[in-house]
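Reading through the structure tokens given below for one structure.
Quick note: the coordinates plus some simple rules give every number you see, no bench work behind them. Predicted, not measured: the structure shown is a model, and the values here were computed from it. Cβ placement follows ideal geometry from the backbone for every residue including glycine, while neighbour counts extend to all protein chains displayed.
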Amino acid sequence: MENNNDKDRNNFVDMLYGNAYYALAIIVVSVSITTIFNFFGVEFEYYGVYLLFFIGLAILSQILPKYKTSALQRISK
């Protein structure tokens, strides 16, 4: 039977690998989109804002908590 320290370590490692795969996917998509637009002659100034916006959304979706509680619920406790 595993102790709690091993379980915590396994959860951390799983989370770390999950975030690493997510970061790798963001990099691959960014490079792919940039390469495709450069091939078609579209300059970064036309699509860069949108690309950076979606990269920001992807990063925030990993950083922000999945479940949120209402501020009123926290006050009443």
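Taking θ as phi - 60°, what are the ³J(HN,Hα) couplings along region 34-39 by the Karplus curve (6.51, -1.76, 1.60), each to the nearest whole Hz, with x for Gly and Pro?
Listing the rounded values in order: 4, 5, 5, 5, 5, 4 Hz.
Using r as the Cβ-Cβ distance of residue 37 and residue 67, and R0 as 35 Å, what FRET efficiency do you calculate, to the nearest 0.05? Walk me through the numbers before you get to the answer.
Values: r = 37 Å, r/R0 = 1.05.
That pair, residue 37 with residue 67, gives E of 0.45.
Once phi is turned into θ = phi - 60°, what whole-Hz ³J(HN,Hα) does the Karplus curve with 6.51, -1.76 and 1.60 give for every residue of region 21-33, x standing for Gly and Pro?
Per residue, the Karplus-derived 3J(HN,Hα) values read 5, 5, 5, 4, 5, 4, 5, 4, 5, 4, 5, 5, 5 Hz.
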